[in-house]
Each structure stands twice: as structure tokens, then as C-alpha cells.
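A short worksheet on the structure shown next.
The values are calculated or read from the model by the stated rules, or taken from the named source; none is laboratory data. Note that the coordinates shown come from a computational prediction; the quantities given were computed from them, not determined experimentally. Here the Cβ is made from the backbone with ideal geometry for all residues, glycine too, and neighbour counts use every protein chain on show. The accessibility values were calculated without ligands, DNA or RNA, using every heavy atom of the protein model including side chains. Shrake-Rupley method; radii C 1.70, N 1.55, O 1.52, S 1.80 Å.
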Amino acid sequence: MDLVKYVQDKYIERKEFPVFKAGDSITVYYEIREGNKTRTQFFKGVVIQLRGRGATKTFTIRKMSGDVGVERVFPINLPALQKIEVDRKGKVKRARIYYFRKLRGKKARIKDVPFKK
């Protein structure tokens, strides 16, 4: 197990991102490569879960696109990730808010916690 930790510390470069948790609304900017062109796209939504630790950490974001819910899982060490912005801090009582998938309309609102950007 120490060998895995050694390799992760030595060879995987870590980027500095703000601290966020489940219930927070964030915007993730990531690079998309199409042929030889690259462009930056963003994904804005609510963090449903954080999973793993260290270099293998991932987080899931959910947004509503019309009436359809779209979820995306991002590894924290994805080379295409450019930056993460925390838009709003949310107050939830769980670390993984899967129940959020079933909520619609006003019930899908999360209380805000004041914070400085």
C-alpha cells in the first residue's frame, strides 16, 4: 500500500482547487479537444458526492438541462481540468445527497451558507 502512495506522491501532479463539499454549487472549467483544436467548456451544477481520497478522488456534479437531469463525474486530477469555482455553499446534512435526484422545482433548493469568494 505504501508503494501506491509513493507513486501517487512522486508522479501525479496536484492542482490547487478550492475546498467544496456535497450541496455546494460549483462551476468546473475543463478543456475539450476536437481534432487539433482545443476549447474550454464549463459544467455548472450541485455537488452530489465526493468519493475517494488523494490522487483517486472524484466528485459528481448534477445539473438540470431543461427537464432532464445530467450528472457528470470528474476525477480531481484530470489533466483537462482548468479551474473550479465555488458559486454557493449549501447546507446539507449528508455527505452524499442521492435524494437530490428525485426532487423537482422548489423542493430541489438547497439552503445557502454565507461565505467569502
Original post:
What accessible area per residue comes out for the chain, rounded to a whole number of Å², with a 1.4 Å probe?
Top reply: 75
Original post:
Can you work out D for segment 68-117 in µm² s⁻¹ from Stokes-Einstein, where Rh is the Kirkwood radius over C-alpha pairs, the temperature is 20 °C and the viscosity is 1.002 mPa s?
Top reply: 158
Subject >> Accessible surface of segment 76-117 [probe 1.4 Å, protein heavy atoms]: carbon and sulfur percent >> reply: 54
Original post:
Which semi-axes, in whole Å and largest first, does the equivalent ellipsoid of the chain have when worked out from the alpha carbon gyration tensor as the square roots of 5 times its eigenvalues?
Top reply: 26, 19, 13
Subject >> ³J(HN,Hα) computed for each position of segment 87-98 - Karplus, 6.51 cos²θ - 1.76 cosθ + 1.60, integer Hz, glycine/proline x >> reply: 7, 9, 8, x, 9, 10, 9, 10, 7, 10, 9, 5
Original post:
For the pair K111 and K37, how long in nm is the line joining their label points, each one 7 Å along Cα→Cβ?
Top reply: 4.7
Original post:
What FRET efficiency do you get for E85 and V4 if R0 is 41 Å and r is their Cβ-Cβ distance, rounded to the nearest 0.05?
Top reply: 0.85
**OP:** Compute the acute angle (0 to 90°) between the alpha-carbon long axis of helix 2-11 and the principal axis of greatest extent of the alpha-carbon atoms of the chain; round to the nearest 10°.
**Re:** 90
Original post:
For I76, which sequence-distant residues (separation of 5 or more, or a different chain) have an amide H within less than 5 Å of its own amide H, given hydrogens modelled in the peptide plane?
Top reply: K57, T58, F59
Original post:
Whole-Hz Karplus ³J(HN,Hα) for segment 55-63, in order, using 6.51 cos²θ - 1.76 cosθ + 1.60 and θ = phi - 60°, x for Gly and Pro?
Top reply: 6, 9, 5, 10, 9, 10, 10, 10, 9
Original post:
What does a probe at A95 reach in segment 17-46, counting residues whose amide N is under 18 Å from the point 7 Å along Cα→Cβ?
Top reply: 19-24
**OP:** Answer rounded, prolate or oblate for segment 10-55, using the Cα gyration tensor with square roots of eigenvalues a ≥ b ≥ c: rounded when a/c is under 1.5, else prolate when a/b is larger than b/c, else oblate.
**Re:** oblate
Original post:
Amide H neighbours of D24 under 5 Å, counting only residues 5+ apart in sequence or on other chains, H built in-plane at 1.01 Å?
Top reply: V47, G90
Original post:
Add -39500 (n - 2.57) for each DSSP H run of 4 or more in the chain, then divide by its residues: what number comes out at 222 nm, to the nearest 500 deg cm²/dmol?
Top reply: -2500 deg cm²/dmol
Subject >> By accessible area with a 1.4 Å probe, ligands and nucleic acids excluded, highest first: order of T40, T27, T58 >> reply: T40, T58, T27
